[in-house]
Every structure is written in C-alpha cells, then in structure tokens.
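Each value in this text was obtained by applying a stated rule to the coordinates, not by laboratory testing. A quick note: this is a predicted structure, and the numbers were derived from the prediction, not measured. For neighbour counting, all protein chains shown are included, and Cβ atoms are generated from backbone atoms with ideal geometry for every residue, glycine included.
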Amino acid sequence: MDFPSILHTTLKDKHLSEVSPSTLRIRGQMSRRLFAMHMDKQFTARRGKVSRRIILAGPSHAATAISGIWLTIAIAFFPSSAACQAPLLNPVASSQDFAALISNAGAARDRGDRSLAIQLYSQALELNPAWPDGWWFLGTLQYGADQYEPARNSLTHYIELAPPAGPALALRGLCEFEIGRFAESLQDIEQGINHGAANQPRNAEIILYHQALDLTSLGRFEEAIGKYTVLAKQGIVNPEFALAVGLAGMHMPLLPRDVNPANAELIASIGQASIAIMRGETTAAHDAFQSLFTRYPRQQNMHYLFGYLLLSSDPDSAVVEFKRELLVNPQSAVAHAMAAWTLEIQGDFVTALPDAKQAVAEEPSLTLGQLVYGRALVETGDPRAGLSHLESVLQSDSGNLEAHMTLAKALSKLGRSEDARKERLLCLSISDQGVSLRATQ
Amino acid sequence: MQLSRKLAVILMLLAGLSSSAQPKPKPVTCTSCHQAQAFSQTTSQMAHALQLPGSNEVLAAHPKLTFRKGNYSYSIDTHDGKSLYSVTDGTKTISLPVDWAMGAQAQTFVLEQNGQMLESLVSFYPLINGLGITTGDERIDPKTLDEAIGRPVSKEEAKTCFNCHATHAVFDHALDLTTMKPGVTCERCHTDADAHLMAILADAKTIPTPAKLDQLSTEDMSNFCGQCHRTWETAVRSHWRGPADVRFQPYRLANSRCYNGADARISCIACHDPHGKITRDTASYDPKCLACHSLAAVTAAPDSTTAPHPKICPVAKSNCASCHMPKVALPNGLMNLTDHQIRVVHPNEPYPD
C-alpha cells in the first residue's frame with residue numbers, strides 16, 4: 001500500500017517531527033515511511049537514554065548507537081557488550097573500522113542520504129553481525145527505500161538478537177504486507193501489538209490499519225471491519241480508508257490499490273456509508289445505505305454489510321437486513337449464519353434453527369455456520385446432535401469461546417457435569433486471556 | 001402474530017375490567033383459575049420489579065431523599081404519590097418526574113428528558129437507607145448539569161430493562177409502554193399464556209396449554225432465569241469479573257463444583273419459588289443442600305462416572321448457606337448479596353472468579 005503521490009512528494013522524506021499531527025491524521029496517517037521514521041525516532045531516543053544510563057551502570061549493546069566516543073567508552077569499560085562480543089578478525093583495526101563506519105552511517109542517515117547509510121550500516125554489520133541496533137537502523141532504512149525483502153531480513157536479525165522487539169515485529173509485519181505475505185504479516189503485527197508496538201496512538205493507527213488490510217486480504221472480513229471501526233471512531237478520513245472499508249464490507253479480498261477503477265466509486269460509497277455507522281452518524285448512514293440500495297438493488301453483500309454494522313445497536317433491524325440479503329443472494333451461507341447468530345444472541349433459538357441449518361447446507365466449511373447450527377441444536381433440545389458441529393468448529397478454531405461455551409452447555413444438558421465443568425473453566429481461561437489482551441491494546 | 005398477541009393482551013385487559021360487571025364472570029385472567037399461584041406471586045419481589053408513581057412504597061416511606069456528588073446535589077421529593085428527581089449545581093436546577101422505579105427494594109429511577117430516557121445517576125439502597133451512586137455508574141464524572149442527571153439509555157437498552165422489570169413491555173421486538181404491566185407477572189414467564197387465554201376468551205374447543213417451566217432441565221432453567229438474572233454465557237462473554245458479578249446468580253451457580261445441568265436438585269426452582277416471597281431464613285434452605293450432601297442421598301445415588309459423589313459436610317448439618325454461600329458486598333459497598341457459587345470457603349481467600 002502506498003499513499004497518494006501528492007503526499008508522497010510532500011511528506012515522503014520529512015521527519016515526523018516536522019509534520020503536524022493534524023496533517024498526518026487528515027492526509028498521510030497511513031504512510032509507512034512516516035511510521036518507520038517515527039518508530040526509528042522513538043527507538044533512537046529510547047536507546048539514547050538507555051545507552052547513556054547503561055554506559056554508567058552496566059553493559060549493553062545499545063551503547064553503540066550513540067557515537068564513536070560512547071562506543072569506545074563502552075568497549076573499553078564493558079567488555080561483555082554485545083558489540084565487543086562480535087567476531088572481529090583483527091580486533092584493533094576492525095574496532096576502529098567499525099566505529100568509523102557506524103559514525104559515518106549515522107551521519108549519512110541524519111542528513112537523509114539513505115543509500116549511503118544503508119551501504120555503511122551493511123558494512124558495519126559485516127564486521128559485527130551481532131550488533132542489534134545496526135540491524136534496526138538498516139531495516140528501517142531499507143523499509144523507507146522500498147527494499148522490503150532486505151528490510152524483513154534485517155529486522156529478523158534484530159528480533160533474534162533483541163527479543164521480544166514489539167516495534168520490530170510490527171515493522172517486519174509491514175514489510176511482509178508490502179511483499180504480499182499477508183498471513184505472516186498479520187502474525188507479526190499481532191505479536192508486535194502484544195509486545196506494545198501499538199501503545200503509542202499514532203503507531204496504533206498505522207498498525208491497526210495494516211492489520212485490517214491483512215485481514216481483508218486473508219478473507220477475514222468481519223474482523224477487518226472490527227479494526228476499521230476503531231479507526232473510524234478515531235476520526236480517520238481519507239479516500240483510501242473508505243475504499244479499504246468498502247472492500248472488507250463487500251467481502252473482496254483486495255487492497256485499495258488493486259480496485260478496478262470501474263468499481264471504485266461504488267466501493268468507496270459503501271465504505272463511506274459504513275464509516276458513518278461506525279461513527280454513530282445513524283441518520284446519515286441510513287440515508288447513504290438506502291441510496292445505495294436504490295441505485296444497486298441487485299448488488300450482493302450490501303444488505304449483509306448493513307445488517308452486520310447494525311448488529312450491536314439494533315439487532316432486530318440487522319436480522320431484517322440479513323433476510324434482505326438472502327433475497328438478493330439466496331445461497332449466502334454467511335447471511336444465513338448471521339441471521340441465525342443474531343436471533344440466537346436474542347435467545348430465539350427456534351427461529352434461528354432453519355437459517356443455521358441452511359448455513360451449514362450451503363457452506364459446510366463455514367465455521368460460523370457450524371457454530372450457530374450446533375448452538376441451535378443444543379438449545380432446542382438436541383445437545384447430542386449439536387456436539388459434532390461444535391467439535392467441527394473447534395477443529396478449525398480451537399480457542400473459539402462461543403463454541404466452548406456452547407459445548408459446556410451441551411455437556412451439562414447431557415449430565416456430563418465433570419466434562420462441562422472442565423469446559424467452563426477453559427472458557428473462563430479464554431475469557432481472561434481476552435481481558436488481558438485487551439488491556440495491552 | 002405479534003399483532004394478534006397484542007390484541008390478545010388488550011382483550012384480556014378489557015375482559016378483566018368488564019368481568020366485575022358480569023353476573024357470572026368468565027375465567028379471563030390467570031387469577032380466575034390459578035388463584036393460589038397468582039395471589040402468592042404478587043408477594044414476590046419480581047412482581048414489584050417496576051414501580052409506578054403512586055404505588056412506590058419505597059419512595060412513599062422516604063419523602064425526602066438527598067445526596068451529593070462533587071458539585072452536584074440530588075434530591076427526590078415525594079408528595080401525594082408523585083416523585084420529583086432534582087439535581088442542582090447551586091445555580092441551576094433540573095427537575096424531572098420519576099416515571100419508573102426499577103427494583104423492589106433497591107431502586108434505580110428511569111427519567112425522561114426531551115424524549116430521551118435516562119438512568120438516574122443515583123439510586124436508593126436499603127442498606128444505607130438512602131441514595132448512592134447507581135451501581136455501574138461509579139466512573140461517570142459529570143461535567144454538566146445535564147450529564148449529572150443520569151446516563152442516557154439507548155432504545156435497545158431500554159427494551160432490555162423494561163423487558164425484565166415488566167410484562168408485555170416488548171411487542172414486535174420493540175419497546176411498547178402502552179400495554180406494559182409493571183413487574184413480572186404471569187405472562188412474562190408463561191409466554192404461551194396469551195394463546196391460552198385467547199382460546200378461553202373465544203370459547204375455543206381446544207385450549208393450548210402453556211409450557212410448564214418446572215419441566216425445564218436445570219441447564220435450561222438456569223438460562224431461562226438468566227434472561228434477566230444473566231446467564232453464565234452472558235457473564236463470560238462480557239468478561240465480567242470481580243465481586244460485582246455476584247449479582248448474576250445463574251453465572252455464579254454454574255461455577256459451583258456441585259452444579260449439574262441435568263440434576264433437578266440444583267435448579268433455580270429447587271430452592272426458590274418464583275410464585276412466592278423470597279425466603280431469608282438460611283436454615284430453610286438446608287433440606288435443599290441435604291438433598292445431595294447427606295448420607296442418605298449419597299447412598300441412594302447411582303454409581304456415576306460423569307459426576308462425583310457429593311461430599312458430606314464434616315462441620316455442620318444446618319445453616320449450610322451461611323458458610324457455603326457467603327454474603328458478598330458489591331464494590332460500592334451499597335449492597336450485600338448471597339454468592340450463589342456454592343463452595344468451601346477458606347478464611348481470607350479472595351473472591352473466586
């Protein structure tokens with residue numbers, strides 16, 4: 001993903017500190033270059049403090065990030081420093097070469113000579129491949145130069161040398177996103193978030209946005225919409241964001257840059273309408289969706305999307321929209337499943353049962369379909385039949401809380417109280433993990 | 001279908017009104033045929049879960065209630081059956097009538113301002129015999145007088161509130177206060193009672209019989225009562241933790257070691273009669289505990305590989321609940337509630353989540 005060319009020329013090489021937060025929010029908040037620079041700035045600031053403290057107090061590889069003088073002091077006084085542990089062929093000559101290289105590399109980096117900085121950091125790392133900070137600087141520079149595969153490799157070195165490295169994991173995830181390795185990107189971004197990469201609000205926006213793009217590319221559209229909802233509530237506005245939301249909403253596993261121009265207006269309009277709901281602009285959202293329904297009466301997934309977005313605030317209307325989707329697209333397993341799910345959440349399992357059954361018939365591999373059918377069976381008096389569907393869910397998603405909760409209920413109804421108790425304890429554990437995970441995000 | 005149900009309710013109400021004028025009144029209300037249950041149910045707390053102006057004994061007994069939080073002073077003044085909820089910052093005052101009071105003893109008030117329902121920021125608590133911050137609203141820090149009145153309630157939330165505190169409050173999935181009957185009455189639980197009564201009114205040849213709730217399994221009963229008292233799933237799904245979740249009895253009960261969804265001895269109605277006043281005498285529950293935890297019960301129980309044999313208490317054979325179902329104070333200290341997570345309680349142990 002790249003940001004529009006006009007922003008590319010105006011913001012591309014500006015240091016983040018030169019860009020006001022409002023400019024970022026409105027125009028270029030998704031810039032990966034800005035993100036890299038921001039992360040780098042934070043890293044340098046943090047490392048600087050750490051290094052100075054550590055130079056006075058104890059050993060650290062971080063000392064080498066500051067300057068040749070600090071490096072010399074660090075090497076002289078703290079022989080266990082990672083920098084000193086590097087396998088140098090000629091210790092005296094090489095340490096001088098190394099110090100000079102990182103000094104020159106830092107200077108090149110500071111004056112914006114990215115290619116020279118990359119070259120010098122690469123040479124320094126040939127002399128001392130156990131220098132973690134060098135890999136970080138090299139990785140961020142390569143990322144900024146669109147060298148995503150080398151950047152990924154550099155960050156991998158850094159992550160191995162300085163775990164858990166939340167920001168580096170997230171940045172590696174962004175590299176993987178750029179080279180189309182969406183599953184790995186998503187995994188790295190999520191691990192990065194778990195290790196604090198998104199604790200800073202501006203980083204959080206960029207990371208969350210790419211996480212949502214990854215989810216969309218992997219076909220996990222509803223999860224993507226969840227992430228986009230967080231971003232929409234934060235007030236993000238730009239055409240690319242609307243396209244991204246529209247793509248997830250229409251269940252199209254594409255990136256905004258891959259949208260066929262012929263479809264762009266429709267997808268962007270759907271995205272805008274969705275963003276209005278996400279922000280709680282109910283009247284505007286309803287008007288926008290009604291206009292879309294009038295203009296595109298046979299368009300699949302629109303009623304489904306509208307229903308999905310209404311689910312938390314107006315579940316009754318959500319069911320109506322899922323049913324309307326089925327008029328346009330009778331084979332939509334996900335619309336059947338969501339209609340059933342919404343009814344089940346309201347405790348109406350009898351009404352939910354036919355839709356749940358049909359969802360499984362249309363698409364047996366749909367996890368949600370198996371879940372709603374399993375639950376409907378359990379709740380309408382056939383817990384034994386429900387077990388197989390719930391187990392099917394857990395085969396593909398072993399941590400699915402809803403499936404475990406329903407399984408506990410089924411086992412309880414069958415009188416298997418000890419098994420039910422184990423399931424309940426497992427549910428509480430999964431729920432607790434959810435709480436602690438949310439607390440870190 | 002929903003419309004016909006609504007018509008049925010209106011017809012029932014009209015028939016109930018006109019029946020007193022008939023020489024031989026037809027059995028058009030639940031009370032006509034089910035007098036014992038209908039009369040005793042009126043003594044239950046559930047029957048008084050929603051109170052209207054003029055019939056609110058709590059407010060009638062406390063004609064002047066006051067409370068202060070930060071810069072805001074609250075008062076509820078009750079005269080001639082009408083209550084006025086006021087909040088002032090010293091310069092301006094907003095006063096609204098108390099339209100609905102949720103709760104039989106502890107009460108939270110539902111107000112209406114410009115068509116928007118509000119949950120009062122202060123509630124009445126018998127434990128302190130006065131007002132305190134509404135449970136769950138402790139973190140609200142009002143910045144304006146309007147915010148100080150109470151928390152805006154969405155339509156969906158209002159529907160949920162009234163659907164539990166009243167009968168016939170929801171028609172066609174929407175809140176409808178025109179046919180609402182305050183409190184939990186017969187038809188709220190016996191959901192097929194409408195068709196049953198309509199058939200009687202119409203002198204139909206076949207009268208459908210409402211489902212008997214005592215035939216529900218323990219698991220289903222727990223979920224049925226949990227519609228309002230919160231199910232185990234609801235509590236887990238919502239990540240509710242800490243002593244405040246002691247309010248959710250079905251959730252706590254299902255966490256008990258002795259809970260078995262297929263054993264009627266641990267069902268909600270094994271201990272509680274929904275048609276009667278709640279029993280506060282701890283010892284009166286002993287037979288319920290001893291139905292499992294006694295030598296006779298253990299001896300009579302079939303061998304089972306799916307459920308452990310219940311243990312027999314080595315300490316006492318009476319007042320079981322006083323030890324095994326301790327009272328837990330809500331974090332705000334305004335209510336003490338019985339913990340339905342039945343367990344062996346160890347001294348100084350933290351509240352088990």
Label chain B by shape, choosing from rounded, prolate and oblate, from the square roots a ≥ b ≥ c of the eigenvalues of the Cα gyration tensor; if a/c is under 1.5 it is rounded, and otherwise prolate applies when a/b is larger than b/c, oblate when it is not. oblate
Answer with one residue from A:Ile206, A:Ala151, A:Cys175: the one whose Cα lies farthest towards the positive end of the charge dipole of the range A:104-238, charges on Cβ with Lys, Arg +1 and Asp, Glu -1. A:Ile206
I'd like the trypsin sites (Lys or Arg not before Pro) in the range A:155-218 restricted to DSSP loop residues with at most 11 other Cβ atoms within 10 Å, sorted by number. none
The range B:112-183: trypsin sites (Lys or Arg not before Pro) in DSSP loop, at most 14 other beta carbons within 10 Å: B:Arg139, B:Lys143
Sequence of B:His165, A:His251 once ranked by neighbouring C-beta atoms within 10 Å, starting from the fewest: A:His251, B:His165
Identify which of B:Glu219, B:Glu119, B:Glu147 has the largest mean-square fluctuation in a Gaussian network model of chain B, with springs joining Cα atoms closer than 10 Å. B:Glu147
Of the cross-linked pairs B:Lys92/B:Lys155; B:Lys64/B:Lys92; B:Lys288/B:Lys327; B:Lys69/B:Lys155; B:Lys181/B:Lys288, which ones have a Cα-Cα span greater than 24 Å in the structure shown? B:Lys92/B:Lys155; B:Lys69/B:Lys155; B:Lys181/B:Lys288
Gaussian network model of chain B, Cα within-10 Å springs - most flexible of B:Val184, B:Val98, B:Val236: B:Val236
Apply the a/c threshold of 1.5 to the C-alpha gyration tensor of the range A:219-297 and tell me whether it is rounded, prolate or oblate. oblate
Of all GluC sites (Glu not before Pro) in the range A:125-224, the ones in DSSP coil with at most 13 other Cβ atoms within 10 Å are none
Report the Cα centroid-to-centroid distance between the range A:323-341 and the range B:148-206 in angstrom, as an integer. 29 Å
Estimated FRET transfer efficiency when R0 is 56 angstrom, pair B:Lys277-A:Thr282 (beta carbons, to 0.05): 0.80
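Could you list B:Cys258, B:Cys289 in order of exposure, starting from the residue whose Cβ has the fewest other Cβ atoms within 10 Å?
So the residues, fewest neighbours to most, are B:Cys258, B:Cys289.
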GNM on chain B, Cα springs under 10 Å; top mean-square fluctuation among B:Leu295, B:Leu334, B:Leu59 goes to B:Leu295
Ranking A:Asn260, A:Gln272, A:Leu292 by how far each Cα lies towards the positive end of the charge dipole of the range A:219-297 (+1 on Lys and Arg Cβ, -1 on Asp and Glu Cβ), the top one is A:Gln272
Charge dipole magnitude, Cβ of K and R +1, D and E -1 - the range A:219-297, Cα centre, debye nearest 20: 100 debye
